[in-house]
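Asker: The structure under discussion is supplied below as structure tokens; questions concerning it will follow.
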Amino acid sequence: MSLMTQSLLLHAQSLRLDGQPDESIDLLRAVISQCDAEEARRRDGCPPDDASRRMRLMASYQLALLLLQRSGRRWQSKDCNEEAATASGGVSDGSEGDAMDADAIMWKLGYRLRLSNQAFGYPPCKCGHRSDSKPSDELPLHTIDNVLPPTVFDALRNSFRPESRYWSHFYSKVDAEAAKSQFASHNIPLPTPNGNPTNFLDSLQSAKSLLEQVAIIAQHRLKERFPELANATSVEVWSHRRPPDGQHQLHYDMDEILLWQRRKERGEVFANKREGLKRQKIETRNGANESISCPSVSCVLTINVPKRMEACHRCGSSGNSAPTIICNQSIARRNESSRTNVGWLCYPEPNRLLAFEGSLLHGVVPGMPFATDTDGEEDSSDDESEHKRSLQRITLMMGFWKDVCLTVPDKDSVGPNVPFDSLAHNSWANEFSPISISEGDMAHNGQTKIESESISVVDPLWVPIRSKTAASDENAHEISSSKTSAFYGRFFLKSQLPTEIDREVLSGK
């Protein structure tokens, strides 16, 4: 592997992060050509260069992803920018060619199914949103804007400020544990639900943490849309901090401990694996032989989104962060014949709450960074904290449980559903001390967002990967057996059925 090729790849990645996808695409093509040329020179009795192959693999994936993002964005712009579409005089905008090139790349890597261009090239603003034909109350998801009173949201935002001990004392530790596949979250008991507003305020005032207060408010705001929340006994909480191009693989929110226990009973995991040790179960579970248990409702509360200086010329909206994608695919109802090949994109806005049925497949599609306007940076360079915040997508996740397994707490426990009240000795937990909430604060009711503005339907969600040269391509399966899944976030599948993800999840992959 030459240093020049490596330098080209790093520069291509830098261009992508700077919001220059076209230039990045050109360089990635050059990287692949360089790798192919190096490979050809080594075929005459020379050993293969694994580093060069890994670089080609990385460049191929990044190129395919950028092509699909550009294809989808161009396709979306036909509706978003009517003037440009008319001016084109019916000439192809290149979106179809980009998608075909991307499919040819992924076919050679052994992939046969992918998310559609609509998902990868998500609309940059509400002009391109496509509303679902179903009434909003029939959708398995719901959004509320300004869900928290300003005093509560400001306190939460401060708790997740860049200098918060949560990031330095806990989150960095979780990042280190991620290599061991150790999912980390905390569990907070909920007060017994009661529709009495006085009791609602009392429960907020007696809460032991800010996170508990946030969960109580979310539960209260969502109880009419999701009546099953009345049976929730605890809430699981965790958070993420992502860059503008950050993604999160498609996954299910599940009782990770129960799943591990069932796999261990079936002999699918080693007894000495750290994951799953020191676990306890908090309540008798109906159907205890089942290995699948999901929260009744899952939530994503956006705390911060990266700033973007670009705005749509039609609607004026801005913002720069990848949407959460919810798939009409349930791990708890795998044999349902009513499943349809659709999904929904929900766009992050500060203090926007997205709630959905807890058994649905979801994730965050790869983001598309926009060029940053650096004008005036000198005036604000002294506010380093605000600058750091401007580059981050910060979200708080909540899963409302009727019944769930907990990690047995010990010093500095890291694992799923660690009891939050066992962390009083940790300084970072003090970042979430409860705040004083008055009756006046709770006069704030939040605003149920018009679904067509906050949610865009993706139909179809999954599309087959096809290659015109598939029948004659000798290298079609050349890399299909390599361990490439870590690159792809389950946005590309080697099976022609999206239920491949279900099998991976249940087998612990």
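Asker: Hey, can you tell me all the residues within the range 142-166 that are within 17 Å of Ala429 (Cα to Cα) and open to solvent by 10 Å² or more (accessible area, probe 1.4 Å)?
Answerer: Matches in the range 142-166: Ala155, Arg157, Asn158, Arg161, Pro162, Glu163, Arg165, Tyr166.
Asker: Next up: One residue is enough: does the range 260-282 have a residue meeting the conditions within 27 Å of Ala218 (Cα to Cα), modelled with pLDDT under 80, in a loop (DSSP other than H, G, I, E, B) and open to solvent by 50 Å² or more (accessible area, probe 1.4 Å)?
Answerer: yes
Asker: I'd like to know if the range 86-94 contains one or more residues that are modelled with pLDDT of 90 or more, on the phi < 0 side of the Ramachandran plot, open to solvent by 30 Å² or more (accessible area, probe 1.4 Å) and of a type in the set (Asp, Glu). Steps first, please.
Answerer: Applying the first criterion (modelled with pLDDT of 90 or more) to the range 86-94 yields none.
No; the residues of the range 86-94 include none that is modelled with pLDDT of 90 or more, on the phi < 0 side of the Ramachandran plot, open to solvent by 30 Å² or more (accessible area, probe 1.4 Å) and of a type in the set (Asp, Glu).
Asker: Continuing with this model, one more query. Suppose the filter is at pLDDT 90 or above, open to solvent by 20 Å² or more (accessible area, probe 1.4 Å) and farther than 30 Å from Ala99 by Cα; does Glu138 pass it? Steps first, please.
Answerer: Numbers: at pLDDT 90 or above: no; open to solvent by 20 Å² or more (accessible area, probe 1.4 Å): yes; farther than 30 Å from Ala99 by Cα: yes.
Against the criterion (at pLDDT 90 or above, open to solvent by 20 Å² or more (accessible area, probe 1.4 Å) and farther than 30 Å from Ala99 by Cα), Glu138 does not qualify.
Asker: So the check is Cβ under 7 Å with 6+ separation or different chains; which pairs have a first residue in the range 22-44 that's more than 15 Å from Met58 (Cα to Cα) and a second one that's at pLDDT below 95 and acidic (Asp, Glu)?
Answerer: So the pair list comes out as Glu38/Asp49; Arg42/Asp49.
Asker: Could you check how many residues of the range 201-250 are open to solvent by 20 Å² or more (accessible area, probe 1.4 Å), modelled with pLDDT of 95 or more and part of a strand (DSSP E or B)?
Answerer: The total comes to 1.
Asker: Among what's in the range 1-21 and is touching a Leu at 6+ places or on another chain (Cβ under 7 Å) and either of a type in the set (A, V, I, L, M, F, W, C) or without any contact (Cβ under 8 Å) to a residue 24 or more places away in the chain (or both), pick the residue that is surrounded by the most Cβ atoms within 10 Å (Cβ to Cβ).
Answerer: Ala12
Asker: Take the residues in the range 418-445 that are outside any helix (DSSP H, G or I) and buried (at least 16 other Cβ atoms within 10 Å of the Cβ), then tell me which one is farthest from the chain's Cα centre (by Cα).
Answerer: Filtering the range 418-445 for residues outside any helix (DSSP H, G or I) gives 418-419, 424-426, 433-440, 444-445.
Pick out the ones that are also buried (at least 16 other Cβ atoms within 10 Å of the Cβ) and you get 418-419, 426, 434-435, 437, 444.
Values: Val418: 22, Pro419: 24, Asn426: 28, Pro434: 28, Ile435: 29, Ile437: 31, His444: 29 Å.
Applying the filter and picking the extreme gives Ile437.
Asker: Next question. Among the numbered criteria (1) touching a strand residue (DSSP E or B) at 6+ places or on another chain (Cβ under 6 Å); (2) modelled with pLDDT of 95 or more, which one does Thr340 miss?
Answerer: (2)
Asker: Scan Ser159, Ser172, Ser185 and give me the residue that is farther than 20 Å from Val404 by Cα, of a type in the set (Gly, Ala, Ser) and at pLDDT 90 or above. Lay out the reasoning, then the answer.
Answerer: Working: Ser172 fails: at pLDDT 90 or above; Ser185 fails: farther than 20 Å from Val404 by Cα.
Among Ser159, Ser172, Ser185, only Ser159 is farther than 20 Å from Val404 by Cα, of a type in the set (Gly, Ala, Ser) and at pLDDT 90 or above.
Asker: Further, regarding this structure: Can Gly363 be described as part of a loop (DSSP other than H, G, I, E, B), at pLDDT 70 or above and open to solvent by less than 20 Å² (accessible area, probe 1.4 Å)? Even if it seems obvious, please write down each step before you answer.
Answerer: Numbers: part of a loop (DSSP other than H, G, I, E, B): no; at pLDDT 70 or above: yes; open to solvent by less than 20 Å² (accessible area, probe 1.4 Å): yes.
It is false that Gly363 is part of a loop (DSSP other than H, G, I, E, B), at pLDDT 70 or above and open to solvent by less than 20 Å² (accessible area, probe 1.4 Å).
The values are calculated or read from the model by the stated rules, or taken from the named source; none is laboratory data. Remember, it's a predicted structure, so these values are computed and weren't measured experimentally. All Cβ positions, even for glycine, are placed from backbone atoms using ideal geometry, and neighbour counts span all protein chains on display. For the accessible areas, the whole protein counts, side chains as well, though only heavy atoms, and no ligand, DNA or RNA atoms are used. Shrake-Rupley method; radii C 1.70, N 1.55, O 1.52, S 1.80 Å.
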